[in-house]
1. Rank Gly160, Leu242, Leu323 by how far each Cα sits towards the positive end of the charge dipole of region 150-339 (+1 on Lys, Arg Cβ; -1 on Asp, Glu Cβ) and give me just the farthest.
2. With Cβ to Cβ distances under 9 Å as the rule, what net charge do the other residues near Gly219 carry (K, R +1; D, E -1)?
3. Just to be sure I understand the model, the point goes 7 Å from the Cα along the line to the Cβ. What's the resulting Asp132 to Asp105 distance in nm?
4. To make sure I understand the rule: partners must be aspartates and glutamates, Cα under 13 Å from the Cα of Lys321, and not fewer than 8 residues away in the same chain. Which ones qualify?
5. Which order, highest average first, do 255-263, 332-340 follow once you tally other Cβ atoms within 10 Å for each residue and take the mean per peptide?
6. Could you list the residues of region 118-151 with an amide nitrogen less than 16 Å from a label point located 7 Å from the Cα of Ala174 in the Cα-to-C-beta direction?
7. Just to verify a number: FRET efficiency for Ser340 and Thr76, C-beta to C-beta distance, R0 = 51 Å, to 0.05?
8. Considering amide H positions built from the backbone, and no H for Pro or chain starts, which residues 5 or more places from Arg198, or on another chain, come under 5 Å of its amide H?
Amino acid sequence: MTVPGWFRKPKSRSIDWPGWDGRRRRHRLRRASVWLLGLAAVVAGAWVGLKRLERYAVGRGGGAAGEITTVRVAFTARPEWMPLGLARDIAQAMVPPRAKFTAQDLSGSIYRLAADNPHVAEVRRVTWHGGDQPGMAVVEIDCRFRMPIARVELSNSAWGYAYVDREGFRLPEADVPQWVIQLAPTAAQPKGATYFFRDGDLLPTGAQVQALHYITIRGAAAPAPEVGQQWPGQDIQDGLRLVALVLTRSYANQVTTVDVRNHDGRISRSQPHLRMYAQVGEGSVTDIRFGRFPTPGGGDYEVAPEIKMSHLDDYFLDHGKRLAGLNSYIDLQYDQLIYSVN
């Protein structure tokens, strides 16, 4: 196709001015020189600033070139239920194995170690400052710990039980507190004091020691996970949900077992899906028939768990603050409280 001459783009023409190319080259060289000098100044300033920031982060006793050779880890708050020895062991496990660190990688290394620790549910913040010795850093960690609330019965294990937190994460059995000492109020401590200990911890001489009570969950369908992993299965989750309801009651130490073997009616549809057993010492066992939790979304005929627990509260108060040994069973599955006549 031939384009009309009036539509064609005219060719550009260059005009040669005397000395124009030389002046243009000199102008570009001056601009490039100024830009390079400015860039060099910015890089040098950033390097000096980072070094100053690094020395400030390490503290007055920072080592050469900001190297950190000693790290001490501490928690911003230790839960009351956590033994002091356990807190020290966890803190020591969060110290990186390397011999030297820099200001840039110290916090990240400790954050990763804290997040991977089986006792830690959430790491909120990691901060640190220089210590009172050359090359020392004191790291403070704000985190949420996994508190053991129940133990799950195992079929094949040297321990016999695996301890879990409220979410079903398995904890190291040897680290779970097993003993408690409660000291009477004094002038220095008007509210008294409570101390927890693990098996193997050195207990104070002459102190009155009590064993901690953990409700046992029996009949989990899935095998035990590795330490630090969550136990799979809705049966464990519903069992822990029931344990959490019981632990808010003053009769929690009388409930020994939460039985999930018939969860979702997998053994018998006509039998309670969840049961509890109450026992005091070597006395008679009382079967507490809880049933199941209502399905989400509403429209379920199952009695609400709050009503079921209120029935159990009433029974406890009406029977001299006892659940175990008075009746062979207590049935919470109906609008009215039902129990056996012995």
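Rule-based calculations on the coordinates, nothing more; no lab input. This structure is a prediction, so every number in the text was calculated from the model and none was measured. Quick reminder, even Gly has a Cβ in these numbers, built from the backbone with ideal geometry, and neighbours come from all protein chains shown.
1. Comparing the listed Cα positions along the dipole, Leu323 ranks first.
2. Details: positive: Arg218, Arg261; negative: Glu153, Asp235, Asp259.
Result for the neighbourhood of Gly219: -1.
3. Result: 3.1 nm between the two label points.
4. Asp313
5. 255-263, 332-340
6. 118-119
7. Working: r = 52 Å, r/R0 = 1.01.
So, using R0 = 51 Å, E works out to roughly 0.50.
8. Under 5 Å from the amide H of Arg198: Gln178.
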